[in-house]
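J.: I'd like to ask you about the structure that follows.
Derivation of every value follows stated rules applied to the coordinates shown; laboratory data play no part. What you are looking at is a predicted structure, and each value in this text was computed from that prediction instead of being measured. Neighbour counts run over all protein chains shown; Cβ positions are idealised from the backbone, glycine included.
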Amino acid sequence: MYVNIKNLNYSYNNKPPNILNNISLNVGKSERLILAGPNGAGKSTLLRLLAGKHMVSTAEDYNVLGTRYTQVGFNGLALCADTWTKTINFVGYTAYVIDMPVRDFMKKDQQENIERRDMLCNILKINLDWNMMRLSDGQRRRVQIMLGLLKPFKLLLLDEITSELDIIVRTNLLNYLKEESIKNGASIIYATHILDGLQSWASGVLYLNYKGEMKRIDSSELNVKNIIVSNMSQDYIDMENENISEVEGRKDHNTDVYGKTQGGFSSGRATNMFVN
């Protein structure tokens, strides 16, 4: 079992309100799970917990790839996500504006995984002679994904990483990840709002509602897009009935332990509470 979590509760700085409530999750080999829910539900927070970027507050059981204290790059754990500081294991998206060719960026990692790098460059349509300073946002994103996937993984966490990819590159990447999952027993948790082309890709859906409560749905039961849209529509109806907005009740806690303003509450932007 790659992930074994029971009754996880999480709040920033151990102060109410909880972002995640009574989360239980089991992930075995070769699973491809779509993580969905409204903005602010805590999807990025959950992925960052799994990646070891936040410390677990309380949980009856918590085990990711055989340990309670996970770290990206070790034991087969990979994360591809936007980052808001440069103090974490994976180099942030903003750090990619630098005057050097792609082949020299994180050169040691590339040299240690040349065959895998070349395959990813072909899939993502990356030219190793591109200058990082001159790339578009979409091209930088492709380089970021390539670097994040250089090492073989057992568990891959994707947080809205494909939003800037064109349809051809996105399709190539999803096909490659599905093949990795089936062939090598790797599992993927993919947070995204782009649902096209995922019906035959996903093996299940993790739906996180506005209360930070999660349920798992087998993708074979219902159309992936329909089940997510249905659940999210109900969320907004419930929020309206309860007179709850996406911001109210959370903005007072929108700072990190040093009092710095975070870019977003649920995603933990700017927080320095990382487990390295």
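J.: Determine the relative contact order of the range 128-219: mean sequence separation of Cα pairs under 8 Å and six or more apart, normalised by residue count, in whole percent.
T.: About 24 percent, as a whole number.
J.: So which lysines can residue 15 reach, going by Cα to Cα under 25 Å and dropping same-chain residues fewer than 8 places off?
T.: 6, 43, 53, 211, 215, 251, 260
J.: Less than 14 Å Cβ to Cβ from residue 132, Lys/Arg counted +1 and Asp/Glu -1: what total charge do the surrounding residues give? Intermediate results must be reported in sequence, preceding the final value.
T.: Working: positive: 103, 107, 134, 140, 141, 142; negative: 99, 104, 129, 137.
Counting the neighbours of residue 132, the net charge comes to +2.
J.: Starting from the Cα of residue 225, draw a straight line to each of the aspartates and glutamates and keep only those under 14 Å, dropping any in the same chain fewer than 8 residues away.
T.: Partners found: 196.
J.: Continuing with the same structure: Please enumerate, by chain and number, the aspartates and glutamates with C-alpha under 16 Å from the C-alpha of residue 154, excluding those fewer than 8 residues away in the same chain.
T.: Candidates past the 8-residue exclusion: 31, 179, 180.
J.: Another question, if that's okay. What does the charge count around residue 111 come to, taking other residues whose C-beta lies under 14 Å from its C-beta (Lys +1, Arg +1, Asp -1, Glu -1)?
T.: Cβ neighbours under 14 Å give a net charge of +1.
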